[in-house]
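The values are calculated or read from the model by the stated rules, or taken from the named source; none is laboratory data. All of these numbers come straight from a predicted model, not from anything done at the bench. No Cβ is skipped: glycine too gets one built from the backbone with ideal geometry, and neighbour counts run over all protein chains shown.
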Amino acid sequence: MLDTNTDGVDQRVSTGDLPSWERIDERVLEAYERNVTDEQGLVADYIPELAAADPSQFGVCIADVEGSTHVAGDAEVEFTVQSISKAFVYALVCQEFGHTEVGRLVGVNNTGLAFNSVIAVELNDGHPMNPMVNAGAIATTALMPGATLAEKWENIRTGLSAFAGRQLSMDGEVYRSEAETNTRNEAIAKLLKSYGRIAGDSSGIVDIYTRQCSLRVSARDLAIMGATLADGGVNPVTKQRVISPIVCRDTLAVLATSGLYERSGEWMFEIGLPGKSGVSGGIVTVAPGKGALGTFSPRLDSAGNSVRGQKATAFLSRSLGLNIFASDSEGDRHDV
Ligand code: DON
């Protein structure tokens with residue numbers, strides 16, 4: 001890792017404001033209406049229970065850093081958080097161990113390979129490389145504070161609930177379905193253990209990782225969880241500080257480079273915001289200092305990212321002026 005100590009340097013942040021309440025409401029509805037008829041993509045079926053999802057479901061929500069929400073469609077429908085949990089568990093672990101140590105143990109570089117790649121581990125001498133792919137997420141879950149597996153799980157459930165501002169519960173059916181078919185994640189965890197990258201009971205860690213993926217959230221929950229990252233770590237509804245501003249910044253940097261797996265470059269190019277997708281169809285996207293978007297629709301592209309979710313987010317990023325690289329809205333006006 002680079003030595004980037006900036007102690008004593010004047011710290012400034014770059015951000016702005018969301019448009020008016022009415023404009024956001026209009027645009028959220030428009031993002032929904034423009035994409036609700038899009039039937040591209042396929043529902044995930046490698047976890048058998050996920051194949052039962054209703055592909056027509058589509059929800060969009062924006063939460064601002066004051067905790068107000070704007071919703072369209074199935075924004076209150078619950079689904080399993082899946083890989084989106086990786087972002088929030090990573091934040092909780094960074095809060096405990098700090099930027100440098102987690103960077104050393106788990107890494108922050110994009111693997112450029114699929115989320116469940118085994119070869120990415122082999123190509124990097126057993127280093128998990130990135131906390132947003134399964135290998136790095138399993139290694140991150142292993143670092144979660146807790147003397148026992150049960151304590152680690154409780155800390156994850158409580159921590160993710162603090163981000164959401166309500167008690168999250170696990171979907172037992174999806175958990176069992178994934179636990180019964182989880183041989184690939186078991187293999188990844190054993191491979192990491194063979195390289196000395198995780199300590200302890202690798203199957204037990206995979207079990208906790210599977211549980212964290214099976215927590216139930218809605219698009220609205222995702223927006224509030226994301227808004228907590230946009231708000232320097234304070235949940236905008238409950239006003240609870242969940243993590244520090246520095247951990248938020250670090251987490252968003254990782255999402256920016258790898259939240260959408262091997263499609264992260266295209267995502268950044270189109271949307272220009274840190275985001276994280278999950279295989280049951282959720283996406284959380286964060287506009288630092290402003291708010292966050294939660295979307296849900298189960299049909300996925302071949303990298304495992306919701307098709308409608310990506311399109312709705314791209315539309316909202318442009319039409320609400322959220323792209324962190326845009327210094328002039330002129331281009332966006334032609335591009336929506
Ligand atoms: O470990 C898995 O394969 C799932 N529990 C989560 C994967 C996932 O969400 C990938 N996302 N797009």
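Some notes on this structure:
- Residue within segment 53-61 that is within 16 Å of the ligand (Cβ to nearest atom), out of contact with any helix residue (DSSP H, G or I) (no Cβ under 7 Å at 6 or more places or on another chain) and of a type in the set (A, V, I, L, M) present: yes
- Residues of segment 121-155 classified as away from the ligand (no atom under 14 Å from the Cβ) and free of Cβ contacts under 8 Å to residues at least 60 places away in the same chain, total: 14
- If the condition is being of a type in the set (A, V, I, L, M) and either modelled with pLDDT under 90 or more than 30 Å from Ser302 (Cβ to Cβ) (or both), then segment 1-43 contributes Met1, Leu2, Val9, Val13, Leu18, Ile24.
- Here segment 62-80 is the region considered, the condition is being away from the ligand (no atom under 16 Å from the Cβ) and in a loop (DSSP other than H, G, I, E, B), and the residue that is nearest to Gly291 (Cα to Cα) is Val65.
- Selected residue (only one of Thr181, Thr257 is of a type in the set (Val, Ile, Thr), assigned by TED's automatic domain parsing to the domain that holds Leu168 and surrounded by fewer than 20 Cβ atoms within 10 Å (Cβ to Cβ)): Thr181
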